[in-house]
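Undergrad: Got a structure for you, questions after.
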Amino acid sequence: VQLQASGGDLVQGGGSLRLACAASGIFFRLNDMGWYRQAPGKPRELVAGITAGGDSTNYADSVKGRFTISRENAKNTVYLQMNSLKPEDTAVYYCNTYPWPRGTYWGQGTLVTVSS
């Protein structure tokens, strides 16, 4: 299984980024998927989740109204559109199954750094 996250970058506060996570080795269209993040010195946390069919989404309170999760099952890819970024959004972002991430599925993630 490979979950390859990409799109992270250094961005100024108030800016936007779009992350993508390409999946291989799993029946992607059958899995609910989520984006998670881990900031320095903090535990990993759920950011957003989406059902297998893309018909339902869920967000952490800290990102509601700013982030949007979506997916393209034909491309085995899940996305995270991040707007109005804040310095506290700085973290390594990962995708995994949702709501129960599988330990063996964690990839290297993609680093998002938001400057103030």
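The values are calculated or read from the model by the stated rules, or taken from the named source; none is laboratory data. For clarity, every value in this text was computed on a predicted model and none was experimentally measured. Every residue, glycine as well, gets a Cβ built from its backbone with ideal geometry; the counts of neighbours run over all protein chains shown. For accessibility, only protein heavy atoms count, side chains too; no ligands or nucleic acids. Shrake-Rupley method; radii C 1.70, N 1.55, O 1.52, S 1.80 Å.
Undergrad: Return the residue satisfying two criteria in turn: it lies in the range 11-43 and is surrounded by fewer than 20 Cβ atoms within 10 Å (Cβ to Cβ) and among the hydroxyl-bearing types (Ser, Thr, Tyr), and of such residues it is farthest from residue 105 (Cα to Cα).
TA: The residue in question is 16.
Undergrad: Turning to a different aspect of this structure: Would you be able to say whether some residue in the range 91-110 is in contact with an Asp or Glu (Cβ under 8 Å, 6 or more places away or on another chain) and open to solvent by 30 Å² or more (accessible area, probe 1.4 Å)?
TA: The answer is yes, given that some residue of the range 91-110 is in contact with an Asp or Glu (Cβ under 8 Å, 6 or more places away or on another chain) and open to solvent by 30 Å² or more (accessible area, probe 1.4 Å).
Undergrad: Another question about this same structure. On the given criteria, is residue 46 in contact with a strand residue (DSSP E or B) (Cβ under 7 Å, 6 or more places away or on another chain), open to solvent by less than 20 Å² (accessible area, probe 1.4 Å) and modelled with pLDDT of 95 or more?
TA: no
Undergrad: If you take the residues in the range 49-77 that are among the small types (Gly, Ala, Ser) and outside any loop (DSSP other than H, G, I, E, B), which one is least open to solvent (accessible area, probe 1.4 Å)?
TA: Per the stated criteria, the residue is 49.
Undergrad: Within the range 78-116, restricting attention to residues that are touching a Phe, Trp or Tyr at 6+ places or on another chain (Cβ under 8 Å) and of a type in the set (Val, Ile, Thr), which residue is farthest from residue 27 (Cα to Cα)?
TA: 112
Undergrad: Restricting to the range 83-114, name every residue that is closer than 17 Å to residue 15 by Cα and in contact with a helix residue (DSSP H, G or I) (Cβ under 7 Å, 6 or more places away or on another chain).
TA: Of everything in the range 83-114, those that are closer than 17 Å to residue 15 by Cα and in contact with a helix residue (DSSP H, G or I) (Cβ under 7 Å, 6 or more places away or on another chain) turn out to be 112, 114.
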